[in-house]
Amino acid sequence: MSKPIEEYGFIGNMLSGALVARDGSMDWLCLPRFDSDACFAALLGASKHGYWQISPAGESNRSSRRYLPHAPVLETTFETEGGIVTLVDFMPLSNDPERVDVVRLVQGVSGKVRMRMELALRFGYGKTIPWVRRRDYGIHAVAGPDAVELATPVTLRGEDMRTVAEFEVGEGDVIPFTLAYHPLHREPHFIDDGRKRLEHTLAWWREWTRICQLSELEEPGWNDAVERSLITLKALSYQPSGGIVAALTTSLPEELGGVRNWDYRYCWIRDATLTLYAFMNAGCFDEAGAFREWMLRAAAGAPDQMQIMYGIEGERRLTEIELPWLPGYENSLPVRIGNGAHEQIQVDVFGELMDTLYTARKSQLGPHQEAWRFQQAILSRLESLWRGPDQGIWEVRGSPKHFVYSKMMAWVAFDRAIKAVEQFGFPGPVGKWRTLRDEIHREVLARGYDKERNTFVQHYDGVGLDASLLLMAEVGFLPPDDPRFRGTVEAIERDLMEDGLVLRYRVGETKDGLAGEEGTFLVCSFWLADAYTMIDRGHDAAVLFERLLSLRNDLGLLAEEYHPRHRRQLGNFPQAFSHVGLINTAYNLRRINGPAQQRADRSASPHATHTSWTGTAGEQHRERSID
Ligand SMILES: OC[C@H]1O[C@H](O[C@H]2O[C@H](CO)[C@@H](O)[C@H](O)[C@H]2O)[C@H](O)[C@@H](O)[C@@H]1O
């Protein structure tokens with residue numbers, strides 16, 4: 001029986017991550033990388049698909065949990081008749097991507113509590129039962145190329161194809177369990193002192209949040225929310241390459257019992273560039289630099305072969321397959337791994353890429369010669385590509401269309417290239433780019449705008465709305481006070497919202513090639529709050545932002561979507577897009593001239609009426625922090 005998505009906490013070490021439920025059960029873990037096969041897949045099935053639970057042996061009266069300050073380290077407290085224990089779960093940092101550990105510390109707070117541990121390792125996404133051998137430190141479990149050591153001072157025994165233990169914890173006791181992964185061809189390694197590792201892990205994350213120097217937001221709760229979102233994004237990045245996964249999971253459904261189940265353990269240019277903005281807004285420039293390097297490495301090659309997404313080390317083949325042995329989260333089938341979207345054409349990524357590299361160049365990160373050569377190459381591909389239909393930002397699986405957001409982002413791509421030539425003196429056919437930029441602008445106004453309803457539409461010759469149009473002013477395509485932009489915001493408020501939250505589009509109006517419905521798409525509601533800020537509806541923006549904050553789980557985490565009627569989070573979890581939205585909107589609300597306005601200001605739109613972007617993002621950040 002699946003648990004609500006909100007029940008889960010996320011721990012991670014920038015190599016992989018795990019989901020731990022409130023009952024102490026780790027139901028999702030892929031080793032050694034985010035996109036490796038899961039060894040605990042109960043999340044998408046049942047206990048027989050792998051889990052690792054540590055909890056009181058009898059009834060617990062109450063359980064509560066929190067993150068330890070400034071880190072993705074989870075502490076669950078169980079109160080029982082006999083006493084109180086805490087379970088601290090974390091993944092220590094590792095310099096070796098093939099050696100990944102999970103540490104669980106059971107700490108006695110008061111009285112005496114009888115605890116039970118159950119470990120069911122199932123490699124290959126719940127399919128493969130490992131060969132387990134007893135060792136003096138615990139057990140050694142092997143399946144194919146994978147091996148783990150479970151080390152603990154507690155006596156273990158085998159029971160129903162699981163490893164179990166019962167033990168007592170008294171006040172002041174600390175009982176460690178460490179699960180250490182290594183490829184079978186390498187020697188095992190051990191964590192000698194779990195408590196020391198905990199201190200080291202906490203110190204590392206504390207230092208990271210300190211270096212980020214988050215600027216203070218007015219509302220104290222907003223600071224915590226932003227910090228938790230940043231930690232989540234950081235923990236979703238793959239340290240060896242600088243790539244960032246869109247979410248930790250695969251196949252958490254966008255509709256309970258539905259078919260809209262996708263694998264997000266890859267790096268989308270779109271999601272990752274927006275993540276980069278969030279990092280830069282918050283002053284985390286190392287992450288931005290690492291991601292720029294990732295992007296240049298991954299996307300390098302013939303420009304006509306640039307993909308919209310890659311594996312975390314830049315892998316190109318992400319073949320989508322189904323895992324028929326997994327029954328799915330609340331019977332949402334199929335469970336998929338890989339993602340067919342890697343073969344799609346999505347024109348918007350050119351704009352996102354050009355915009356991000358432009359921002360990075362203007363920021364503390366400074367210039368990057370290789371980047372400019374690469375940018376020129378992809379622009380020559382865009383010269384013809386923008387004219388055709390594509391799958392759009394939402395990666396629809398129906399027939400390609402002339403999506404307005406795609407055209408608008410093609411405009412952004414040429415616009416930022418022109419700016420780069422004008423401001424940095426880079427070489428490039430700027431005359432041709434200006435002509436193209438103007439042509440795209442004219443075409444979108446002529447074919448993407450419905451005069452009678454005073455709104456832009458999702459695609460040429462269509463009537464449906466699309467939440468991505470909320471970004472029109474932010475990217476500088478139109479000034480915020482343009483009546484056509486305001487009209488679009490109002491149309492979206494009228495026709496694209498469910499219970500105060502924004503849908504990305506109406507499934508009935510968009511032939512997306514899939515059966516069923518979906519929830520409201522969280523980042524779109526953050527975009528609406530940003531649009532409100534830009535059209536001087538600051539109060540509405542703040543109210544919506546507070547509402548969105550209230551949808552987070554008790555640990556501050558967000559999935560991709562929310563179902564207002566079921567009052568449940570839906571889709572992959574935790575999702576970078578949603579946390580990016582949270583961070584950017586918080587800074588936008590900080591003052592009217594927040595990141596959304598800055599993004600619009602740095603465009604070369606002949607319509608932009610606002611003061612231009614001055615100084616580096618770092619300077620902007622410092623300005624904000626001393627306000
Ligand atoms: O709606 C069908 C598509 O859904 C997924 O795409 C969504 O997630 C991506 C990653 O966060 C995001 O970049 C995109 O905008 C979203 O629509 C799925 O990955 C696709 O395969 C699927 O076609």
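The values are calculated or read from the model by the stated rules, or taken from the named source; none is laboratory data. The model shown is predicted, which means the values in this text are computed figures rather than measured ones. Glycine also receives a Cβ, built like all others from the backbone with ideal geometry; neighbour counts cover every protein chain displayed.
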Seminar exercise, completed: Among the residues of the range 95-121, the number that are without any contact (Cβ under 8 Å) to a residue 60 or more places away in the chain and either over 15 Å from F167 (Cβ atoms) or of a type in the set (A, V, I, L, M, F, W, C) (or both) is 3
Problem set entry | Filter result (surrounded by fewer than 21 Cβ atoms within 10 Å (Cβ to Cβ), part of a loop (DSSP other than H, G, I, E, B) and at pLDDT 95 or above) within the range 331-377 | L333, P334, G338, Q344, I345
For this session: Please work out which one of (1) in contact (Cβ under 8 Å) with a residue 24 or more places away in the chain; (2) polar (S, T, N, Q); (3) outside the structural domain of L296 (by TED's automatic domain parsing) is the condition S241 fails and give its number.
Result: (3)
Seminar exercise, completed: Among A290, A246, the single one that is within 16 Å of the ligand (Cβ to nearest atom), closer than 25 Å to V475 by Cα and either surrounded by fewer than 23 Cβ atoms within 10 Å (Cβ to Cβ) or in contact (Cβ under 8 Å) with a residue 24 or more places away in the chain (or both) is A246
Seminar exercise, completed: In the range 454-505, residues that are within 16 Å of the ligand (Cβ to nearest atom) and surrounded by fewer than 17 Cβ atoms within 10 Å (Cβ to Cβ) total 1
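Yes/no per residue for (1) within 19 Å of D193 (Cα to Cα); (2) of a type in the set (S, T, N, Q); (3) in a loop (DSSP other than H, G, I, E, B); (4) not assigned by TED's automatic domain parsing to the domain that holds M26:
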residue: E59; (1), (2), (3), (4): no, no, yes, no
residue: F78; (1), (2), (3), (4): no, no, no, no
residue: V85; (1), (2), (3), (4): no, no, no, no
residue: D89; (1), (2), (3), (4): yes, no, no, no
residue: P92; (1), (2), (3), (4): yes, no, yes, no
residue: R104; (1), (2), (3), (4): yes, no, no, no
Exercise. Which ones in the range 382-406 are crowded, with 18+ Cβ neighbours inside 10 Å and either within 13 Å of the ligand (Cβ to nearest atom) or outside the structural domain of Y460 (by TED's automatic domain parsing) (or both)?
Worked result: D390, Q391, G392, I393, W394, E395, V396, F403, Y405, S406
Exercise. Inside the range 477-535, can you point out the residues that are farther than 19 Å from E254 by Cα, out of contact with any strand residue (DSSP E or B) (no Cβ under 8 Å at 6 or more places or on another chain) and either of a type in the set (K, R) or not assigned by TED's automatic domain parsing to the domain that holds G462 (or both)?
Worked result: R486, R494
Problem set entry | Residue among E315, E343, E322, E352 that is more than 14 Å from the ligand (Cβ to nearest atom) and of a type in the set (D, E, K, R) | E315
For this session: Answer yes or no: is there a residue in the range 249-266 that is touching a helix residue (DSSP H, G or I) at 6+ places or on another chain (Cβ under 7 Å), near the ligand (Cβ under 10 Å from one of its atoms) and touching a residue at least 24 places away in the same chain (Cβ under 8 Å).
Result: no
Seminar exercise, completed: Out of (1) assigned to a helix (DSSP H, G or I); (2) outside the structural domain of N339 (by TED's automatic domain parsing); (3) within 25 Å of L31 (Cβ to Cβ), the one T275 does not meet is (2)
Exercise. Taking the range 567-595 as the search range and keeping residues that are modelled with pLDDT of 95 or more and surrounded by fewer than 21 Cβ atoms within 10 Å (Cβ to Cβ), which one is nearest to the ligand (Cβ to nearest atom)?
Worked result: R568
For this session: Scan the range 39-67 and report the pairs whose first residue is modelled with pLDDT of 95 or more and whose second residue is acidic (D, E) and outside any loop (DSSP other than H, G, I, E, B), with Cβ atoms within less than 7 Å and a gap of 6+ or a chain change.
Result: F40/D27; A42/D27; L43/D27; Y51/D27; Q53/E118; A57/E166; R65/E75; R66/E75
Exercise. Before we move on, is V421 part of a helix (DSSP H, G or I) and surrounded by 24 or more Cβ atoms within 10 Å (Cβ to Cβ)?
Worked result: no
For this session: Could you tell me whether P303 is modelled with pLDDT of 95 or more and more than 12 Å from the ligand (Cβ to nearest atom)?
Result: no
